[in-house]
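A short worksheet on the structure shown next.
The values are calculated or read from the model by the stated rules, or taken from the named source; none is laboratory data. Since this is a predicted model, take the numbers as computed values, not measurements. A quick note on method: Cβ atoms are made from the backbone with ideal geometry, for glycine too, and the neighbour counts reach across all protein chains shown. Ligands, DNA and RNA are excluded from the accessible area calculation, which covers all protein heavy atoms including side chains. Shrake-Rupley method; radii C 1.70, N 1.55, O 1.52, S 1.80 Å.
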There are 2 protein chains.
Amino acid sequence: MIDQRLLPTREVIRQYRDYRGVADAIRTMVIRGAPAIGVAAAMGVALGMRGVSGAPAKARFDLVAETLRATRPTAVNLAWALDRMRRRLDECSSLDEAKLFRRMRDEAIAIYNEDIAINRRLGSNGAQLVDANPATVLTHCNAGALATAGYGTALGVVRAIREAGKKVSVFADETRPFLQGSRLTAWELHKERIPVTVIADNMAATVLRNGGIDCVIVGTDRTAANGDVANKIGTYPLAVLARRHGVPFYVAAPMSSIDFKCATGADIPIEQRSPTELTQFAGKQITPEGVSIFNPAFDVTPGDLVSAIITERGVAYPPYKKTLAALKSG
Amino acid sequence: MIDQRLLPTREVIRQYRDYRGVADAIRTMVIRGAPAIGVAAAMGVALGMRGVSGAPAKARFDLVAETLRATRPTAVNLAWALDRMRRRLDECSSLDEAKLFRRMRDEAIAIYNEDIAINRRLGSNGAQLVDANPATVLTHCNAGALATAGYGTALGVVRAIREAGKKVSVFADETRPFLQGSRLTAWELHKERIPVTVIADNMAATVLRNGGIDCVIVGTDRTAANGDVANKIGTYPLAVLARRHGVPFYVAAPMSSIDFKCATGADIPIEQRSPTELTQFAGKQITPEGVSIFNPAFDVTPGDLVSAIITERGVAYPPYKKTLAALKSG
């Protein structure tokens with residue numbers, strides 16, 4: 001996997017041969033983005049299932065899965081991928097060690113490949129919501145190829161708009177504190193020659209007020225059954241401002257990121273990350289020693305601020321409790 | 001003056017003996033904050049008025065004032081201080097060189113001393129708006145002692161709350177891109193042992209939603225006659241979110257920052273600053289080379305989102321066109 005902590009200045013590929021390495025990579029954000037975390041976790045499970053079979057395989061799975069599950073609490077794709085790998089294990093645990101490993105590896109690769117296909121369908125569904133040409137999209141964080149197995153969710157919609165033959169440009173919030181916008185979204189779009197303008201998070205209100213933004217599109221780490229959307233910190237204020245300025249606010253959500261076990265956003269655990277993300281930058285101290293820090297990694301946008309939720313199965317509109325359930329059963 | 005670019009890790013005092021040095025200091029943000037810029041400009045004018053008298057003094061003044069005026073367009077205190085120094089010059093331009101310089105120097109020192117007195121009165125007026133004890137205030141950027149001759153405007157209210165015998169703590173937005181919150185507000189409050197918690201700008205919405213914030217207090221670089229408030233980029237979204245969550249939004253505005261010549265916020269010029277504020281951090285590149293940057297230094301908060309404007313002459317409530325005019329004439 002590409003080490004996302006070093007982008008955009010260095011492109012370093014890291015290889016892991018051990019599930020603990022994958023867990024560390026997720027925890028330290030070598031890899032991030034809910035779908036990418038899910039795929040990485042599946043790969044981590046496969047790595048962890050070498051050389052076991054039968055009852056020991058199930059015990060090993062529990063150890064591996066709990067190590068991976070403990071890395072980051074908010075993205076539901078992680079749990080989703082572990083559950084899927086568990087089901088696969090249940091089907092093949094009686095096979096010999098080599099066969100069992102191959103089945104687990106193949107399942108992880110299937111999750112990887114399906115993720116790209118899902119993003120393409122999602123992108124195509126989302127592109128149909130955007131009539132403007134040229135279109136200008138405002139996004140937050142990175143819900144792009146880097147956050148997925150490839151193509152991206154929110155940026156998948158942007159790619160699909162272009163593939164439909166339209167012109168599209170993007171305003172990218174820099175997304176403090178990890179700078180996924182300025183470092184990752186800008187890098188990814190610039191590579192594909194999609195025009196991108198980076199702004200500080202606190203400038204999005206001015207950009208929305210100035211006009212010219214056709215829609216806001218963001219990803220999600222976990223969406224509740226009622227359409228409440230947990231996503232990178234700063235998403236909620238963006239939704240409030242989009243509503244104030246009459247700009248549609250879209251969430252690109254693969255079905256794997258919708259957690260039907262969470263009735264509302266209040267049920268979604270919000271990860272608090274290290275104070276050093278705010279006290280230091282590139283090793284340099286930027287706050288006085290000894291001050292307090294509050295560093296929630298995500299916030300929850302109430303479904304009533306979300307104009308539409310775009311999935312690979314179609315687009316859901318309010319009331320989401322009903323429409324998301326219909327997409328699930330349909 | 002203390003070099004605010006180096007805080008909080010280094011406390012370096014810079015001395016200037018030439019108005020051009022002062023102009024550079026304002027432009028490069030060695031010193032920033034609307035009232036502090038006004039005081040610095042007055043001092044810069046005084047430095048520039050050495051060794052001149054009569055008509056040459058007036059010509060010199062025009063050169064010095066235009067150099068200083070061109071440094072930063074949004075803060076009206078700069079123009080206000082230059083106008084005041086001009087009036088002083090008109091009274092004393094026929095004096096000999098030494099006397100003229102002393103009068104100009106004394107006027108600059110008077111502006112400095114008055115600024116502190118104004119902030120104390122403003123702080124006392126503002127503290128009366130905050131009943132809670134302990135009180136928790138959310139602020140943006142730095143409207144503190146560092147932004148003024150001393151004591152501060154928004155943070156002057158915080159100081160006055162404490163001087164009234166109450167407990168007070170502060171949430172400080174880090175304030176991208178220049179980090180006035182994490183570097184300056186946190187430094188200033190921490191030094192005075194006022195508890196401060198630093199958050200990224202995009203976390204303020206979560207803090208406001210979580211409850212426990214008694215009010216938002218910010219400064220202003222220029223407030224229009226109708227109460228529209230130009231202040232550091234990110235103030236406007238904060239006002240929108242405070243309104244959404246029922247939290248009072250106060251602006252600490254010395255009379256010198258109210259521009260009665262601007263009917264509305266649309267008349268206030270908004271400075272665009274260098275892209276490097278967003279593309280680099282501490283010399284390190286954080287965006288890919290070649291992406292576009294939009295970097296407005298200020299935004300305008302409509303007066304209808306402002307709960308009260310606190311001045312040294314009293315507190316104004318909507319409708320501001322009437323109440324601010326009353327404070328001016330009263």
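Can you confirm whether region B:138-145 contains a residue that is away from chain A (no Cβ under 14 Å) and crowded, with 21+ Cβ neighbours inside 10 Å?
If we filter region B:138-145 for residues that are away from chain A (no Cβ under 14 Å), which is where we start, we get B:143, B:145.
After this cut, where a residue has to be crowded, with 21+ Cβ neighbours inside 10 Å as well, the list is B:143, B:145.
Checking region B:138-145: at least one residue is away from chain A (no Cβ under 14 Å) and crowded, with 21+ Cβ neighbours inside 10 Å.
Testing A:ALA149 on (1) in contact with an Asp or Glu (Cβ under 8 Å, 6 or more places away or on another chain); (2) assigned to a loop (DSSP other than H, G, I, E, B); (3) without any contact (Cβ under 8 Å) to a residue 40 or more places away in the chain, one condition comes back false. Which one is that?
Unmet for A:ALA149, out of (1) in contact with an Asp or Glu (Cβ under 8 Å, 6 or more places away or on another chain); (2) assigned to a loop (DSSP other than H, G, I, E, B); (3) without any contact (Cβ under 8 Å) to a residue 40 or more places away in the chain: (3).
Just the residues that are farther than 18 Å from A:LEU82 by Cα and under 20 Å from the mean Cα position of the chain (by Cα), please, taken from region A:15-55.
A:THR28, A:MET29, A:VAL30
Can you tell me which of A:GLY246, A:GLY211, A:GLY234 is of a type in the set (Gly, Ala, Ser) and under 29 Å from B:SER169 (Cα atoms)? Spell out the reasoning first.
Numbers: A:GLY246 fails: under 29 Å from B:SER169 (Cα atoms); A:GLY211 fails: under 29 Å from B:SER169 (Cα atoms).
Exactly one residue qualifies, and that residue is A:GLY234.
Which residues, counting only those in region B:203-232, are under 20 Å from B:ALA325 (Cα atoms), open to solvent by less than 20 Å² (accessible area, probe 1.4 Å) and within 13 Å of chain A (Cβ to nearest Cβ)?
B:ALA230, the sole residue that qualifies.
Results for (1) of a type in the set (A, V, I, L, M, F, W, C); (2) within 23 Å of A:GLN128 (Cα to Cα); (3) touching a helix residue (DSSP H, G or I) at 6+ places or on another chain (Cβ under 7 Å), shown as yes or no for each residue.
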| residue | (1), (2), (3) |
| --- | --- |
| A:ALA186 | yes, no, no |
| A:HIS190 | no, no, no |
| A:PRO195 | no, yes, no |
| A:ALA224 | yes, no, yes |
| A:ILE233 | yes, no, yes |
| A:PRO237 | no, no, yes |
| A:LEU241 | yes, no, yes |
| A:PHE249 | yes, yes, yes |
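Against the conditions (1) modelled with pLDDT of 95 or more; (2) open to solvent by less than 80 Å² (accessible area, probe 1.4 Å), where does A:ARG87 fall short? Just the number, please.
(2)
Go through region B:245-261 and give me each residue that's charged (D, E, K, R) and surrounded by 16 or more Cβ atoms within 10 Å (Cβ to Cβ).
Pass one, region B:245-261, residues charged (D, E, K, R): B:259, B:261.
The one that is charged (D, E, K, R) and surrounded by 16 or more Cβ atoms within 10 Å (Cβ to Cβ): B:ASP259.
One residue is enough: does region A:319-330 have a residue meeting the conditions away from chain B (no Cβ under 14 Å), over 19 Å from the mean Cα position of the chain (by Cα) and at pLDDT below 95?
Yes, region A:319-330 contains at least one residue that is away from chain B (no Cβ under 14 Å), over 19 Å from the mean Cα position of the chain (by Cα) and at pLDDT below 95.
From the set of residues in region A:56-84 that are of a type in the set (Asp, Glu) and over 19 Å from the mean Cα position of the chain (by Cα), which is most open to solvent (accessible area, probe 1.4 Å)?
Per the stated criteria, the residue is A:GLU66.
Hey, could you check region A:274-290 for residues that are open to solvent by 20 Å² or more (accessible area, probe 1.4 Å) and either within 7 Å of chain B (Cβ to nearest Cβ) or touching a residue at least 40 places away in the same chain (Cβ under 8 Å) (or both) and say which is nearest to the chain's Cα centre (by Cα)?
For region A:274-290, the residue satisfying everything is A:GLU277.
Taking only region A:3-53 into account, find how many residues are within 14 Å of chain B (Cβ to nearest Cβ) and either closer than 20 Å to A:ILE233 by Cα or not in a loop (DSSP other than H, G, I, E, B) (or both). Don't jump to the end; show me each part of the working.
Taking region A:3-53 as the starting set, the residues that turn out to be within 14 Å of chain B (Cβ to nearest Cβ) are A:4-11.
In the following step, the residues that additionally are either closer than 20 Å to A:ILE233 by Cα or not in a loop (DSSP other than H, G, I, E, B) (or both) were identified as A:4-5.
Within region A:3-53, residues that are within 14 Å of chain B (Cβ to nearest Cβ) and either closer than 20 Å to A:ILE233 by Cα or not in a loop (DSSP other than H, G, I, E, B) (or both) number 2.
Residues of region A:125-137 being surrounded by 17 or more Cβ atoms within 10 Å (Cβ to Cβ) and either in a loop (DSSP other than H, G, I, E, B) or without any contact (Cβ under 8 Å) to a residue 24 or more places away in the chain (or both), which ones?
The answer is A:LEU129, A:VAL130.
Please go through region B:154-202 and pick out each residue that is within 8 Å of another protein chain (Cβ to nearest Cβ), among the hydroxyl-bearing types (Ser, Thr, Tyr) and crowded, with 24+ Cβ neighbours inside 10 Å.
B:THR175, B:SER182
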